[in-house]
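Contents: one structure, followed by commentary.
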Amino acid sequence: MKFRILKHKTFLYYFPFIFIFQINAEPAKIVSGPILGYSTLKEALVWVQTDKTSQVALEYSEIGNPKNRFFSEEIQTKSATGFIAKLIANRVEPGRKYHYNILIDGKRIKEEHPQIFQAQSFFAYASRQDPPSFSFALGSCAYVNETEFDAPGKPYGGEYFIFNSILSKKPDFMLWLGDNIYLREPDWDSKTGFLHRYRHQRGIPELAPLFASVHHYAIWDDHDFGPNDGDSSFWMRDTSEEMFKLHWGNPNYAKEGIYGSFIWGDVQFFLLDNRTFRTANNNKVISPRQILGEKQFQWLVNSLAYSKATFKFVAIGGQFLNPNSIFENYATYPEEKKKILSAIRDLKIKNLIFLTGDRHHTELNFFDEDDLPIYDFTVSPLTSRYHSPISEKNPLRVEGTLVDKRNFGTVSVSGKRGERKLVLQIFDAYGKELWKKEILPTP
């Protein structure tokens, strides 16, 4: 009897260590992703997040040639960076598509959805070749419910199947126009909170297929920056910037702030930061009040002046053209808005389209001065609550483009060299077309 008791006690002594060993022996798994980031002519980025420290790599092969496999550099995921890896496929050729797998600790992870990325098609302005046709999706205000931290009553988010509808349109990439997540009070005070919100948001199954086979670029607005209507005074501003850059795969960022640019075919995109340098909305003492700040303004104007792109898209969280001085429209910062419009006019910047979000309704705005037409394509919301009915009068709104339900947009770029055109479309959450507009370039 004594022997049995001692044996039992010995087992109890070692049991915790056995339990810990078993936990550590469990293989690491993917908790978020894979998500396609940028694509260029010679490389592409794939983002993935694991549940614990592991060695992660990318295995890929050109569609139709599965035996010729390539591997990315292996990256160790760490707690300090949320167990996130940004994997670079740098043995690709322009215009080719590739199937890929994620390797964790040397083991190929079974794909749950098609995993395909592409390298952009080659185009040179100096050549006589036609630019490639392509399309991209866009939207803003994506709220994913979390009952524990949400207000009581009717859920603020819904119709997540909109992401399946976006995928069905087969865009080459998607541009997220801000409020891509909604930070709650427990989130924005700590790095742990930011990491939780991103992981929770990306955990819904409807996002996974879209993330895995469509490239993604992003800007932010107040809700993925910090508190509602946040500005340069936000005490966790540096952490917010770190988390944004960690979770998105844009090809470049400013050293301070998240603004940057990328090119797809003969089109250039300018991704702006409307939070890092922003004067508080209700601070009327500082003059001139700013959203971009002088350094970002100079970068934008210089970049637009240099660009040879057929169309130039400027992405920013809040509406630019809308003349109503309400909410967070650029009209509430009249000095800087006037400064930007003056620069556009003085430099004769043609074929400029602003891409905006924030407003929880969709509309197309049009402004023409000195034969330099400017568009502002506002697309909102994706899954957040929409505002309806809309009583706001906007003299720049193109008739028939106001939408007061959850929706997303697409932009198609096509045509031969010298005959390019844009087709703007808006779809409801089910993928039904609500309106369609064509834009031809100004010669």
Out of curiosity, is ASP428 under 25 Å from ASP221 (Cα atoms) and crowded, with 22+ Cβ neighbours inside 10 Å?
no
Of the residues ILE344, ILE349, ILE353, which single one is in a strand (DSSP E or B), modelled with pLDDT of 95 or more, under 21 Å from SER261 (Cβ atoms) and among the aliphatic types (A, V, I, L, M)?
ILE353
More than 23 Å from ARG199 (Cβ to Cβ) and either in contact (Cβ under 8 Å) with a residue 24 or more places away in the chain or outside the structural domain of ASP221 (by TED's automatic domain parsing) (or both), is that true of PHE134?
yes
Within segment 364-400, residues being among the acidic types (Asp, Glu) and at positive phi number 2
Identify the single condition in (1) touching a residue at least 12 places away in the same chain (Cβ under 8 Å); (2) of a type in the set (S, T, N, Q); (3) outside any loop (DSSP other than H, G, I, E, B) that ASN180 does not satisfy, given that it satisfies every other one.
(3)
I'd like the full set of residues that are at pLDDT below 95 and farther than 15 Å from PRO381 by Cα, limited to segment 132-166.
THR147, GLU148, PHE149, ASP150, ALA151, PRO152, GLY153, LYS154
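The values are calculated or read from the model by the stated rules, or taken from the named source; none is laboratory data. The model shown is predicted, which means the values in this text are computed figures rather than measured ones. Using ideal geometry, Cβ is built from the backbone for each residue, glycine included, and neighbour counts are taken over all protein chains shown.
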